[in-house]
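Visitor: The following block contains the structure, expressed as structure tokens.
FYI, it's all coordinate maths here, none of it is from the lab. Quick caveat, the model's predicted, so the values are computed rather than measured. In this analysis, Cβ positions are derived from the backbone assuming ideal geometry, glycine residues included, and neighbour counts consider all displayed protein chains.
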Amino acid sequence: MSPVLEVDNVTFRRDGKQIIDGISLTIPRGEHWALLGPNGAGKSTLLGFCAAVTFPTSGTVRILGSQMGRTDLAQLRRSIGHVNPRHRLHSPLSARQVVLTGITATIDIPMRWSPTADQLARAEAMIDLVGMSHRADVLWPNLSQGERGRALIGRALISGPRLLLLDEPTTGLDVAAREQLLETIDALSEADPEMASILVTHHLEELPTSTTHALLISEGRTVCSGAVREVLTTEHVSAAFRHPIEVSHTDGRWTARTRADRLIIG
């Protein structure tokens, strides 16, 4: 069984600047990866490769066995669920309608398009999975940021993706909304054990308990990659962020703080 994602020694240059410098990553089915690093590390660029929207300057990217540059990207993208909290609507759709746009891979509902009975049933199933049944008819402007995040996850899942990309999904959420969203993400691994995922974040506290692996990058290069407990150590995280950071792991969740022996008081 081929991996869901293979990124092999990719580089990316923009305006003469090296953004990504020789990163490789292989993700089999059912693994849930965290992509972490400081601002400017190259996380968004790397995620663009995984979403089949950005081509590397060199190296190869294979998604679901298809190599970028040698396949129909529009068709390939239908097998990738992409959750972006900066999703912008041009019209005030309901939460249900937003989920349905995952079928058409559009921002708004296309003119003269109507979902079939099977598609409506699929949408209701996704709405229920993300805990939004009681808010399905609420218009987007009246949804909280956390509810929007869950609706976008439903939108990403409705096409049955084999790879789910979550781009800083807890951006702008308060603590309660963040925890509700992380619970939703954790439930996905149980609902579809073969789906793989990548979650991008700056903050270890925002990792769901279902995270199995991590890729830690800095200045476009890999600092460490592998099983999450082996990657997210005090040594590796401090090196990536160029600051003494104490990392701890309790009950499946992570915390990071400045090492107490480096604090200066007075």
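Visitor: So how strong a dipole does the chain carry about its Cα centre when Lys and Arg Cβ are +1 and Asp and Glu Cβ are -1, to the nearest 20 debye? Present the calculation step by step, with values, prior to reporting the outcome.
Guide: Numbers: 27 positive and 29 negative charges, 166 e Å.
Rounded to the nearest 20 debye, it is 800 debye.
Visitor: Per DSSP H run of at least 4 residues, take -39500 (n - 2.57); add these up for the chain, divide by its residues and hand me the 222 nm value, nearest 500 deg cm²/dmol. Walk me through the numbers before you get to the answer.
Guide: Working: 8 runs with 78 residues, N = 266.
Computed mean residue ellipticity for the chain: -8500 deg cm²/dmol.
Visitor: Shifting gears a bit: What net charge do the residues around Ala151 carry, taking every other residue with its C-beta under 11 Å from that of Ala151, with Lys and Arg at +1 and Asp and Glu at -1? Could the numbers behind the result be given before it?
Guide: Values: positive: Arg96, Arg135, Arg148, Arg150, Arg155; negative: Glu147.
Once all neighbours under 11 Å are counted, the net charge is +4.
Visitor: Kindly put Val175, Val231, Val83 in sequence by how many other C-beta atoms sit within 10 Å of each C-beta, fewest to most. Let's see the in-between values first.
Guide: Values: Val175 9, Val231 20, Val83 25.
Fewest-to-most Cβ neighbours within 10 Å comes out as Val175, Val231, Val83.
Visitor: Provide the per-residue ³J(HN,Hα) series for the stretch 170-186, in order, calculated from phi with Karplus coefficients 6.51, -1.76, 1.60 and θ = phi - 60°, each as a whole number of Hz, with x at glycine and proline positions.
Guide: For the stretch 170-186, the Karplus curve yields 9, 4, x, 8, 6, 4, 5, 5, 4, 5, 5, 5, 5, 5, 4, 5, 4 Hz.
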